[in-house]
Amino acid sequence: GENVEQHPSTLSVQEGDSAVIKCTYSDSASNYFPWYKQELGKGPQLIIDIRSNVGEKKDQRIAVTLNKTAKHFSLHITETQPEDSAVYFCAARKLTGGGNKLTFGTGTQLKVEL
Amino acid sequence: GAGVSQSPSNKVTEKGKDVELRCDPISGHTALYWYRQRLGQGLEFLIYFQGNSAPDKSGLPSDRFSAERTGESVSTLTIQRTQQEDSAVYLCASNPLGGSYNEQFFGPGTRLTVL
């Protein structure tokens, strides 16, 4: 089945700096790659996603890039703020009949320090 | 509007007991998912319901785990004869169509501790 690896597991940056989180996936049939943010005590929330027909997508301070050949995708957060501190999960969806089953990475704890 | 709700928020049980976890999806969402999140780990898919179709149970780790859903409403996840390794946060998510590319809306989770 699909396997998603995520690095780093923890990341500390100074406020205003950029943060980059990287994921790789194993199944070339995967075609949808969302990123979720999970704040303490809450469920994950979608922050951005990318489909396999594009290489990059941006939404204000957040961007995601996808390299289908290398089977990896990355989350970029610019001008980080304290409220960006959370756990971030990447995920991949495999093309199968029916369903919307996501395979998640193991998460990155991002800490933005003042 | 109301999001996905789960109850209880916390559950402490003794090894060998059965537990039931409840999920109320967003009204109108036809697809419902259960995930398990162990401490410091990613989300592990358990089961998926889509309308009246047969559920995808491929992620259930053992026959001690089962889930039901009544129509397009409430779902319950049951764990029988709980073991310490069942300790985790159990997350429920729903989405409107269950098709490609749709966002999954997560509840806050139930933290299960098996003593």
**Fill in**
Least to most buried among A:HIS72, A:HIS7, B:HIS29, by other C-beta atoms within 10 Å and fewest first, runs A:HIS7, A:HIS72, B:HIS29
**Asked** For the pair A:ASN67 and B:SER66, how long in nm is the line joining their label points, each one 7 Å along Cα→Cβ?
**Response** 4.8
**Message:** Using a Förster radius of 45 Å, what is the FRET efficiency between A:SER18 and B:ALA2 based on their Cβ-Cβ separation? Nearest 0.05, please.
**Reply:** 0.80
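Which pairs break 24 Å Cα to Cα here: A:LYS22/A:LYS68; A:LYS42/B:LYS17; A:LYS22/A:LYS94; A:LYS68/B:LYS57; A:LYS22/A:LYS101? Can you show the working numbers first?
Values: A:LYS22/A:LYS68 14 Å; A:LYS42/B:LYS17 26 Å; A:LYS22/A:LYS94 19 Å; A:LYS68/B:LYS57 29 Å; A:LYS22/A:LYS101 21 Å.
Pairs exceeding 24 Å: A:LYS42/B:LYS17; A:LYS68/B:LYS57.
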**Request:** Name the residue, out of B:GLY71, B:GLY40, B:GLY28, whose mean-square fluctuation peaks in a Gaussian network model built on chain B with Cα pairs under 10 Å.
**Result:** B:GLY40
**Message:** What are the extents of the Cα atoms of chain A along their three principal axes, in Å, largest first?
**Reply:** 46, 29, 21
**Contour minus Cα-Cα distance for A:GLN81 and A:GLN45 (0.36 nm per residue)** = 11.2 nm
**Request:** Select from B:THR30, B:THR78, B:THR70 the residue whose mean-square fluctuation is largest in a Gaussian network model of chain B (Cα-Cα springs shorter than 10 Å).
**Result:** B:THR70
**Fill in**
Cα extents of chain B along the principal axes, largest first, in whole Å, come to 38, 28, 24
**Asked** How many nm separate the modelled label positions at A:GLN109 and B:GLN83, each set 7 Å beyond the Cα in the direction of the Cβ?
**Response** 2.7
**Asked** Each residue of segment B:64-79 in turn: what ³J(HN,Hα) in whole Hz from Karplus with 6.51, -1.76, 1.60 and θ = phi - 60°, glycine and Pro shown as x?
**Response** 6, 9, 8, 8, 9, 9, 9, x, 10, 10, 4, 10, 10, 9, 10, 10
**Prompt:** Hey, could you pull the Cα Rg and Dmax for the protein assembly as shown, both in Å?
**Reply:** 17.6, 51
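Rule-based calculations on the coordinates, nothing more; no lab input. From a predicted model like this one, the values you see are computed outputs, not experimental measurements. Cβ sites come from the backbone with ideal geometry, for glycine too, and all protein chains shown count toward neighbours.
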